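Below is one structure; the comments refer to it alone.
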Amino acid sequence: MRMQFSATAVNPALVAVCLLLWAQLLFAQVPPRPNPPKLVNDLANVIPDDRETALEQKLVAYGDSTSTQIAVVTVESLGGDAPYNFAQEILEQWGVGQKEKDNGIVILVAPTERQTFISTGYGVESTLTDALSKRIIETVMIPNFRAGNYYEGIDQAVTAIFQVLSGQFVPESETGGNADAFVALFIFLIIILFIIIIVYSARNGGSGMGRTYSGRGVNNSGPVVIHWGDNDYGSFSGGFGSFGGFGGGSGGGGGAGGSW
Amino acid sequence: MKQFLQVTGLLLVMFMFNSCGYNRMVALDEEVKSAWSQVENAYQRRADLVPNLVATVKGVANFEQETLTKVIEARSKATGVTIDPTKITPDAIQKFQEAQNELSGALSRLLVSVEKYPELKANQNFLELQSQLEGTENRISVERKKFNETVQAYNTYVRKFPANIIAGMFGFQQKGYFEADQGAEKAPTVDFGK
């Protein structure tokens with residue numbers, strides 16, 4: 001029997017890497033996930049309170065109709081971290097966006113460091129490309145931020161993002177490859193389904209098919225379970241216009257930043 | 001009786017696998033593989049940007065040929081080094097990283113020399129490419145971080161007793177990390193100010 005992993009206790013390189021990882025963890029001190037969950041987190045207090053409510057409602061309504069979650073976060077300090085990393089950590093740790101769609105966006109503003117970053121989840125980075133994020137930052141956010149109008153800058157950026165995501169700005173890199181792959185997958189699934197049905201009906205006689213279908217029917221029409229708490233899938237939490245919770249989305253560092 | 005023994009034996013083996021974490025190892029191994037594919041995607045994305053970048057820069061009158069050639073060479077070298085996802089050894093990662101770092105270096109030199117060409121800095125196409133490149137460097141760094149985290153979980157698990165016995169039996173080797181790039185050389189250049 002090989003016991004190859006027991007004796008390599010002190011490997012200097014490994015220790016160094018662990019230290020680095022640890023340092024990185026310390027570095028990324030992103031604010032904890034808000035509880036109760038909300039989309040506008042004005043931790044640096046640069047947005048007037050009534051505007052904050054309006055923005056929150058705008059974002060919640062958008063999230064309810066499209067399932068895309070846009071979180072606005074202003075912070076007092078990045079703690080020396082790079083804006084892209086900070087924003088991505090928030091996206092990941094809070095779980096902005098739906099889990100299967102990864103359609104979360106974080107708009108980070110750090111007024112003290114005069115830095116901003118739009119971080120996109122895996123699911124939206126093909127529509128809201130880095131170049132488009134950059135354009136939004138440079139044309140809408142930075143001019144407003146320079147004048148000290150944080151709310152206006154953020155609000156207009158949010159509107160621009162809505163427009164991008166609804167397709168009014170057409171992204172430059174669309175390929176047909178995805179569609180082809182989708183069709184292939186679809187055909188494949190149908191074939192598999194067929195085989196399953198044939199096997200079932202061969203086994204159980206005629207009733208097999210009926211059973212398969214009734215089984216699925218129950219699943220589909222079953223009551224929608226609404227989870228309460230942090231890992232909600234964008235469900236309503238009762239009151240009008242309140243945010244139901246982050247969905248557990250994830251992102252790979254897409255987006256763009258700027259400073260003013 | 002014989003059958004009873006067989007069934008018990010089978011159950012015992014299954015129990016042992018579970019308690020010694022064979023299944024967990026498989027799951028962690030898969031996580032590392034999927035994290036790796038994301039790392040490769042991010043690097044591939046950068047490699048895909050290079051031809052466009054080169055073409056755009058070339059369009060500018062007498063841009064330094066040597067810088068461009070170096071970028072193209074480094075790119076082909078970098079895309080030539082791939083890792084078999086079932087063999088993510090420290091060695092393999094290091095080779096991969098070296099090849100990619102060469103491309104990073106060549107790209108940063110290219111972007112520095114761009115400073116000398118104001119017409120390029122006003123070129124809309126080039127500016128878009130710049131922000132794409134910047135985003136790609138961010139992605140690389142994020143995916144590397146995620147990869148390192150999954151490898152850390154895997155390595156920690158595989159080295160612990162009694163999982164290390166099962167790991168040794170079934171050849172779950174330790175996997176390699178990405179090491180931090182030397183100095184502050186990490187995606188430096190791509191923040192071309194304004």
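Any read-out appearing in this document is the output of simple, stated calculations on the displayed coordinates, not a laboratory observation. Small disclaimer: the values here were computed from a predicted structure and weren't measured. Cβ placement follows ideal geometry from the backbone for every residue including glycine, while neighbour counts extend to all protein chains displayed.
Given H placed on each backbone N at 1.01 Å, which residues far from residue A:41 in sequence or on other chains put an amide H within less than 5 Å of it?
The answer is A:72, A:73, A:74.
For residue A:163 paired with residue B:5, estimate the spin-label separation in nm (one decimal), with each label point 7 Å from Cα along the Cα-to-Cβ line.
Reported label-point gap for residue A:163 and residue B:5 is 8.0 nm.
Starting with the fewest neighbours, write out A:145, A:186 ranked by other beta-carbon atoms found within 10 Å of each beta-carbon.
A:186, A:145
How large is ³J(HN,Hα) for each residue in the stretch A:95-100, as worked out from phi by the Karplus curve 6.51 cos²θ - 1.76 cosθ + 1.60 (θ = phi - 60°), to whole Hz, x for Gly and Pro?
Rounded to whole hertz, the list is x, 6, x, 7, 4, 7.
Give the angle, between 0 and 90 degrees and rounded to the nearest 10, that separates the Cα long axis of helix B:65-80 from the longest principal axis of the Cα atoms of chain B.
So the inclination is approximately 10 degrees.
Which FRET efficiency value, to the nearest 0.05, is calculated for residue B:64 and residue A:44 with the Förster distance at 35 angstrom and r the Cβ-Cβ distance?
0.20
For the stretch A:30-46, take each phi angle, set θ = phi - 60°, evaluate the Karplus expression 6.51 cos²θ - 1.76 cosθ + 1.60, and give the result in whole Hz per residue in order, putting x for glycine and proline.
Using θ = phi - 60°, the values come out as 7, x, x, 4, x, 9, x, x, 8, 8, 9, 10, 8, 6, 8, 6, 10 Hz.
Could you work out the local net charge near residue A:41, counting Lys and Arg as +1, Asp and Glu as -1, over the other residues with Cβ closer than 11 Å to its Cβ?
Neighbour charge sum, excluding residue A:41 itself: -1.
State log₁₀ I(q)/I(0) for the stretch B:28-134 at q = 0.12, 0.16, 0.23 Å⁻¹ as given by the Debye formula over alpha-carbon point scatterers of equal weight, solvent excluded.
Values, matching the q order: -0.46, -0.73, -1.22.
Consider a paramagnetic label point 7 Å from the Cα of residue B:119 along Cα→Cβ; state which residues of the stretch B:58-85 have an amide N under 17 Å from it.
B:58-65
Along the charge dipole of the stretch B:36-170, pointing to its positive end and built from +1/-1 on Cβ of Lys, Arg, Asp and Glu, which listed residue (B:97, B:63, B:47) has its Cα farthest out?
It is B:97.
Any idea how far apart residue B:55 and residue B:165 come out in nm if each label point goes 7 Å out from Cα toward Cβ?
6.1
Give, as a single signed number, the net charge of other residues whose beta carbon lies under 14 Å from the beta carbon of residue B:45, with Lys and Arg counted +1 and Asp and Glu -1.
Neighbourhood net charge equals -3.
Would you tell me the mean number of C-beta atoms belonging to other protein chains that fall within 10 Å of each C-beta in B:139-151, as a whole number?
4
Using 7 Å Cα-to-Cβ label points, what is the residue A:54/residue A:196 separation (nm, one decimal)?
A separation of 5.1 nm, rounded to one decimal place.
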